[in-house]
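Colleague: Got a structure for you, questions after.
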């Protein structure tokens, strides 16, 4: 029984770590996009992402981040390299 609890704790910790890494990647991607926008674009991004309107968020991403998947993969690779260098 103790083994099951230990393995479930490891799974929970792994899941929490994955969520934190995902949030870190997303934060870096959005920060990168935000810093590249002009004043109007950055105000629009703030308005959209502070709202609850998921459709508007999706449209914003399509308009201002057409290469979102590429940016996400680049940031994920960078973070993976950072983690490996610390281990």
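The numbers here are math on the coordinates, done by the rules we state, and not lab data. Bear in mind that the values here come from a model prediction, so they are computed numbers and not experimental data. Backbone-built Cβ (ideal geometry, glycine too); neighbour counts: all protein chains shown.
Colleague: For residue 12 and residue 32, FRET efficiency with R0 = 30 Å and r from the beta-carbon atoms, rounded to 0.05?
Modeller: On the way: r = 31 Å, r/R0 = 1.03.
Between residue 32 and residue 12 the formula returns 0.45.
Colleague: Rounded to the nearest 0.05, what FRET efficiency do residue 87 and residue 56 give with R0 = 41 Å and r taken as the Cβ-Cβ distance? Could you check? Spell out each step's value before the answer.
Modeller: On the way: r = 40 Å, r/R0 = 0.98.
Step by step, r from the Cβ atoms, then E = 0.55.
Colleague: Oh, and also: Enter the angle in degrees (range 0 to 90, nearest 10) between the Cα long axis of helix 2-36 and the first principal axis of the Cα atoms of the chain, meaning the one along which they spread out most.
Modeller: With both axes taken from Cα atoms, the answer is about 20 degrees.
Colleague: Build a GNM of the chain with springs between Cα atoms under 10 Å: which of 35, 71, 24 gets the top mean-square fluctuation?
Modeller: 35
Colleague: Given springs between every Cα pair under 10 Å in a Gaussian network model of the chain, which of 32, 14, 42 has the largest fluctuation?
Modeller: Per the Cα network of the chain with a 10 Å cutoff, 14 tops the list.
Colleague: Match the structure shown to one of the listed values [x] 1.07; [y] 1.14; [z] 1.05 of Rg/Rh (Cα atoms, Kirkwood Rh), computed from it, and give that label.
Modeller: [y]
Colleague: Most fluctuating residue of 45, 17, 26 in a GNM of the chain with Cα springs under 10 Å: which is it?
Modeller: Among 45, 17, 26, the largest GNM mean-square fluctuation belongs to 17.
Colleague: Tell me what the chain gives for mean residue ellipticity at 222 nm when only DSSP H runs of n ≥ 4 count, each as -39,500 (n - 2.57), the sum divided by the residue total, rounded to 500 deg cm²/dmol.
Modeller: On the way: 4 runs with 77 residues, N = 87.
Helix-only estimate at 222 nm: -30500 deg cm²/dmol.
Colleague: Among 87, 61, 18, which comes first, then next, by fewest other beta-carbon atoms within 10 Å?
Modeller: Numbers: 87 4, 61 17, 18 10.
Neighbour counts put them in this order, fewest first: 87, 18, 61.
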